[in-house]
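Trainee: Shown below is the structure under consideration.
None of the figures in this text is laboratory data; all of them are computed from the coordinates on show. It should be emphasised that the depicted structure is a prediction, and the values quoted were computed from it without experimental measurement. Every residue, glycine among them, receives a Cβ derived from its backbone with ideal geometry; neighbour counts consider all protein chains shown.
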2 protein chains.
Amino acid sequence: MPTSPFHGALLTDLYELTMAAAYFENKFSAAASFELFVRSLPPERSFLIAAGLEQALEYLETVRFQAEDLEYLRRLPVFENTSAAFFDYLRDFRFTGEVWAIPEGTAVFREEPLLRVTAPIIEAQIVETFLLSTVTFQTMIASKAARVVMAAQGKRVVEFGSRRAHGPEAGVLAARAAYIGGCAGTSNVEAGRRYGVPVFGTLAHSFVMAYQHEEEAFRRFNRLFPQHGVLLVDTYDTLAAIEKIIQNDLHPTAVRLDSGNLLTLSKQVRQRLDDAALGKTQIFVSGDLDEFAIERLVGEGAPIDAFGVGTALATSVDAPALSGVYKLVDLESQAGISYRAKFSDDKITYPGRKQVFRFQNSEGTFREDIIACETENLAGGEPLLHRVMKGGVRNGPGPELQEIRERTSRQLGKLPRDCVRLHRPNHYPVGFSRNLEALLRLVRRQVEHPMRRPMNSVRTPETP
Amino acid sequence: MPTSPFHGALLTDLYELTMAAAYFENKFSAAASFELFVRSLPPERSFLIAAGLEQALEYLETVRFQAEDLEYLRRLPVFENTSAAFFDYLRDFRFTGEVWAIPEGTAVFREEPLLRVTAPIIEAQIVETFLLSTVTFQTMIASKAARVVMAAQGKRVVEFGSRRAHGPEAGVLAARAAYIGGCAGTSNVEAGRRYGVPVFGTLAHSFVMAYQHEEEAFRRFNRLFPQHGVLLVDTYDTLAAIEKIIQNDLHPTAVRLDSGNLLTLSKQVRQRLDDAALGKTQIFVSGDLDEFAIERLVGEGAPIDAFGVGTALATSVDAPALSGVYKLVDLESQAGISYRAKFSDDKITYPGRKQVFRFQNSEGTFREDIIACETENLAGGEPLLHRVMKGGVRNGPGPELQEIRERTSRQLGKLPRDCVRLHRPNHYPVGFSRNLEALLRLVRRQVEHPMRRPMNSVRTPETP
């Protein structure tokens, strides 16, 4: 088993714990269902690739309050009226609930539940913050990676962004998610060890600069890594560096260009390498690349074999957050199921546990998704949510990372073309079933007091 | 001592390890100096607040390769020609170097070294990735927080963004950095326990929705947290919720508005609370806020006492990456010091170890910074870099977090007004000393081969 990072139960928001205390003191123990979904997609995104479920489930199986956590909480003034019994409860805290989820590597859209938790409400609440940050972050990066990989049109893309990631752990998770999204691998070694992501590395300018002569650096590096040597050629003068490689009869696997006009330079370098019978030496480029820069380079015929993408990928720089939410949809007690929805001005939440059905056309292309009540069965639609955990225990080991990555690739191939294009993609049609719309109306009427605003001012969710 | 997150030595890029292997096999053991700085500031940023040093030093003291790390590395094809002695070296790896740094909470600018590492080159290289991601991420968040806090003009700002942070650990680091930047605290409990950041929490919509009647939820929550109860009032209808609070004779510490027109609603809510003799009940608002939204609300006289800021703060959403780099500046061996610089087309690195001198005018306002050679002593300037680690051991414990936060506040008060404004701030003048410019020219002439492009095509660094 891989060594896991720190999974303390305090990786949560304080209000999860104050609410937990209030539920505990009030003996409120109904089973609650919460659904995790993305409210709306950022500009230039028309689909997401689900990712992060594996770490979410690993957390749910292992989350514990440590003695030092409880000691800290007991000292907080906010808990001055909270009973000792509550802290005893936390000491023995385990997640015992059920989880349904859409598999990692699946294309998903706005308002589709990626994950549903059904558990005693305190448990379901305490895990909210961790689940949101884990699932939405990896989903965001996998989605960005899918765009970058599509732009490269079959050329390899390697994730290089650890140094710009939001802390060292974010770099590891980003590398995993980028691989799911279609990257060939990462520079992040821990992601290699922990998750089996293929790792790639070249050399830095500092190595070239450490030696008095650039060619000495090249020779020494190439000797140790004859099959894996990628030489960085832009430290001083790119074309001069290529001449040194040729003059020294080095046969690097690839050369890396990290600055300058990559279109012009890659053509000049390719020409010189070919002239010198170094046709097998590939050209690897990096340096502030994103899907648009790659699209241009590929479109202009730059003879580039692989792209290293850092900041843009590891931070999803143009859309560095998704509007992920985790919403209460029902409560189940001896009295039966009670549906919950939210109707505040600009944010509506549909009630009840849901299933997402995906419909394909006769060529196998995805046509539309319908979000329905969990109990519905829409003929011809593929249900996307599956039960992955029961009683706090996983059904079994999750799929291999490689398998998830292949699922992404198959899913991308089935999305409508106008939905996957990089610029101003069309939105994919996602609707709500008639039963679900009816349930929403019903719950709305049940809300204790009449609304102060007229019914017709309520935003109607988009339908296909 | 706080429990630390996982600090494995594999939290690095593969090329750090391939370069390490090449240095090791070639018996290259000179002491190298690397400087970590931000190349250029994002739009709408005119200053940064240094942060993350504490975690960087903690890492340098504790970084180790575990047995499972070495096992993983040995199996990588890239290391097939690497000797067993190299892995023995990694097994015993310790960071033994010296570190100079600008204290956390200091205002810093482009090209100013935040951190300088001098160590045997393998050590200095292996720690690069972790140092960059730790220091630049926290610096980015502290800088964003400073902007948000300035916009609030004395009203409290609480960091609420853990759920949108780039994974759970990023949320903890973001909370620490936001506190350094001037936030009153965070919702992140682990940041409270680990770093002593004050924690804040209210309740979520789910708590209100869990009870059949909103007022029941309010009563139950308020009873348990009479001194700390912040009631969320926008689940169904904000003004109706306020009436319930009044009718039930509740006296919450504050009410929280999370949606709708916050200006109009806060005025209406303030009026009703005051009319009902609830003048002490504060108004707390949240919901997709950033420095610009807060500036508008404050400017329009919204009667708001505190702001909860999530996504914008925890991801620095408008500038989610800084161009942090870690560059080799010299090598020291028995033969003496050998300077290093980089001259590729669009990226120049100044050679040699540096010191930053800050000059104030007679009113105590910062006037300009000069980046100089380490050996220079510029009269009247305050040197910003201090030695914080020697022989791999820290000078002593770092400053308290509270002390760092106060430093930020004092620093912001000393920056020129036109530099701290939110919109189109002026750049603060940062120059290079004449000696440093001379050293750059000298190193340039020493570079082994003549440049292919004329000297005058080289970009000249900006001078004040």
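Trainee: Shortest first and in nm with one decimal, please list how far the B:Arg74 label point sits from its counterparts in the other copies (point 7 Å along Cα→Cβ).
Mentor: Nearest first, the other copies' label points are 4.6 nm away.
Trainee: Checking the cross-link filter: which aspartates and glutamates have an alpha carbon closer than 18 Å to that of A:Lys267, excluding same-chain neighbours under 8 positions apart?
Mentor: A:Asp234, A:Asp237, A:Glu243, A:Asp258, A:Asp275, A:Glu295, A:Glu300, A:Asp305, B:Asp345
Trainee: Still on this structure: Taking the Kirkwood radius as the inverse of the mean 1/r across Cα pairs, report the Rg/Rh of region B:1-132.
Mentor: Values: Rg = 16.4 Å, Rh = 16.1 Å.
So for region B:1-132, dividing Rg by the Kirkwood Rh gives 1.02.
Trainee: Oh, and also: Taking the Cα centre of chain A as the origin and placing charges on Cβ (Lys, Arg +1; Asp, Glu -1), which of A:Ala151, A:Gln334, A:Ala22 is farthest toward the positive end of the dipole?
Mentor: Positive-end residue among those listed: A:Gln334.
Trainee: Can you tell me the Rg and the Dmax, both Å, for the Cα atoms in region B:45-94?
Mentor: 16.6, 49
Trainee: Do the sum for the protein assembly as shown: with -39,500 (n - 2.57) for every DSSP H run of n ≥ 4, divided by all residues, what is the mean residue ellipticity at 222 nm, to the nearest 500 deg cm²/dmol? Walk me through the numbers before you get to the answer.
Mentor: On the way: 34 runs with 348 residues, N = 928.
One gets -11000 deg cm²/dmol as the mean residue ellipticity at 222 nm.
Trainee: In terms of modelled amide H atoms, which long-range or inter-chain residues lie less than 5 Å from the amide H of A:Gln282?
Mentor: Here the answer is A:Ala254, A:Val255, since their amide H atoms fall under 5 Å of that of A:Gln282.
Trainee: Let me ask another. Once you average over the residues of B:20-30, how many Cβ atoms of partner chains fall within 10 Å of each Cβ? If you can, show how the numbers build up before the last one.
Mentor: Details: counts 1, 3, 11, 5, 1, 3, 8, 0, 4, 0, 1.
Mean shielding by partner chains, rounded to a whole number: 3.
Trainee: Same structure again: Semi-axes of the equivalent ellipsoid for region B:330-401, please: Cα gyration tensor eigenvalues, times 5, square-rooted, ordered largest first, whole Å. The partial results should precede the final answer.
Mentor: On the way: eigenvalues 135, 94, 33 Å².
Each semi-axis is the square root of five times an eigenvalue, giving 26, 22, 13 Å.
Trainee: A follow-up question, please. What gaps in nm, shortest first, separate A:Ser323 from its twins in the other copies when you place the label 7 Å past Cα toward the beta carbon?
Mentor: Label-point separations across copies, in nm and ascending: 3.2.
Trainee: Over the residues of the protein assembly as shown, compute the C-alpha Rg and express it relative to 2.2 N^0.38 Å.
Mentor: Working: Rg = 28.3 Å, N = 928, 2.2 N^0.38 = 29.5 Å.
Taking N as the residue count of the protein assembly as shown, the ratio is 0.96.
Trainee: Trypsin sites (Lys or Arg not before Pro), restricted to region B:84-155: which are DSSP loop and have at most 13 other Cβ atoms within 10 Å? Walk me through the intermediate numbers first.
Mentor: Numbers: sites: B:Arg91, B:Arg94, B:Arg110, B:Arg116, B:Lys144, B:Arg147, B:Lys155; in loops: B:Arg94, B:Arg110, B:Lys155.
Here the sparse-neighbourhood loop sites are B:Arg94.
Trainee: Of all the C-alpha pairs in region A:226-305, what % are more than 18 Å from each other?
Mentor: Numbers: 1080 of 3160 pairs.
Summing the P(r) tail past 18 Å for region A:226-305 gives 34 percent.
Trainee: Cα extents of region A:146-314 along the three principal axes, largest first, in whole Å?
Mentor: 42, 34, 24
Trainee: Could you state the principal axis extents of the C-alpha atoms in region A:368-414, from the largest down, to the nearest angstrom?
Mentor: Rounded to whole Å, the extents work out to 36, 30, 13 Å.
Trainee: While we're looking at this one, here's another question. Are there any trypsin sites (Lys or Arg not before Pro) in region A:277-333 that are in a DSSP loop and have at most 13 other Cβ atoms within 10 Å? List them by number.
Mentor: Numbers: sites: A:Lys280, A:Arg296, A:Lys327; in loops: A:Lys280.
Answer in residue order: A:Lys280.
Trainee: For every other residue with a beta carbon closer than 10 angstrom to the beta carbon of A:Gly52, add +1 if it is Lys or Arg and -1 if Asp or Glu, then tell me the sum. Before the final figure, lay out each step's value.
Mentor: On the way: positive: A:Arg176; negative: A:Glu54, A:Glu104.
It works out to a net charge of -1.
Trainee: Once you treat every alpha carbon in chain A as an equal point and sum by Debye, what is log10 I(q)/I(0) at q = 0.07, 0.08, 0.09, 0.13 Å⁻¹?
Mentor: After summing over all Cα pairs, the log10 values are -0.44, -0.56, -0.69, -1.16.
Trainee: Counting every Cα pair in region B:29-73, what percent are over 14 Å apart? Numbers along the way, then the final one.
Mentor: Values: 727 of 990 pairs.
Across region B:29-73, Cα pairs with separations above 14 Å total 73 percent.
Trainee: On to the next question. Across every pair of different alpha-carbon atoms, what Kirkwood hydrodynamic radius in Å does region B:269-387 reach?
Mentor: Details: mean 1/r = 0.0501 Å⁻¹.
Kirkwood radius, region B:269-387: 20.0 Å.
Trainee: Turning to a different aspect of this structure: Residue by residue through region B:12-24, what is 3J(HN,Hα) from phi via Karplus (6.51 cos²θ - 1.76 cosθ + 1.60, θ = phi - 60°)? Round to whole Hz and write x for glycine and proline.
Mentor: 8, 8, 4, 5, 4, 7, 5, 5, 4, 4, 5, 4, 5
Trainee: How large is the charge dipole for the protein assembly as shown, taken about the Cα centre, if only the Cβ atoms of Lys, Arg (+1) and Asp, Glu (-1) carry charge, to the nearest 20 debye? If you can, show how the numbers build up before the last one.
Mentor: Values: 108 positive and 114 negative charges, 183 e Å.
For the protein assembly as shown, the charge dipole is close to 880 debye.
Trainee: Would you list A:Thr238, A:Thr264 from fewest to most Cβ contacts within 10 Å? Please list the in-between numbers first.
Mentor: Working: A:Thr238 24, A:Thr264 12.
Ordered by Cβ neighbours within 10 Å, fewest first: A:Thr264, A:Thr238.
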